[in-house]
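K.L.:
Dropping the structure in here first, questions after.
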Amino acid sequence: MKLIATTRKQTRHPGRNGGVRYALYARTAAGGREAVDVQLASLRAAVADRADGRVVREHADVNVPAESGPGLAALLRDLSDGIADTVLVTDIARLTRSSRHLGCILAAVERNGARLLTTTEAA
């Protein structure tokens, strides 16, 4: 599975063990827990394929509209706290469907020296 970078090059140094610290995020507005579990499994597989780091956190919002989930808020806190240096999603639509809100998320990612990756080019 190819990962697509969606933000500038990472500015923070990788994790303490020299590996990338991935925070995974999955969301569905109406698909239920199973849809989120499928996304998370795909994201875990992408990290395993890269073999350049480890998953440090997984966040999910189930049956929640974009922009309003507690999982997304927790993900952004993790970045702010330096827990993760890379956010991995299946596609940008999992984060938000609003270009304005996407700009806010990307700014938060970059402000914390992190990067955002997707597993699909549809992002």
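K.L.:
Could you run the Karplus curve 6.51 cos²θ - 1.76 cosθ + 1.60 with θ = phi - 60° over segment 40-54 and give me ³J(HN,Hα) per residue in whole Hz, x for Gly and Pro?
P.N.:
4, 4, 5, 5, 4, 5, 5, 5, 4, 5, 6, 6, 10, x, 9
K.L.:
List the residues whose amide H sits under 5 Å from the amide H of L116, counting only those 5 or more places along or on another chain, with H placed 1.01 Å from N in the peptide plane.
P.N.:
T6, T7, V87
K.L.:
Quick one: what does P(r) look like for segment 22-123 with 10 Å bins over all Cα pairs, in whole %?
P.N.:
Over segment 22-123, the share of Cα pairs per 10 Å bin runs 16, 54, 29, 1 percent.
Rule-based calculations on the coordinates, nothing more; no lab input. In this text the structure is predicted, and so the values were computed from the model without any measurement.
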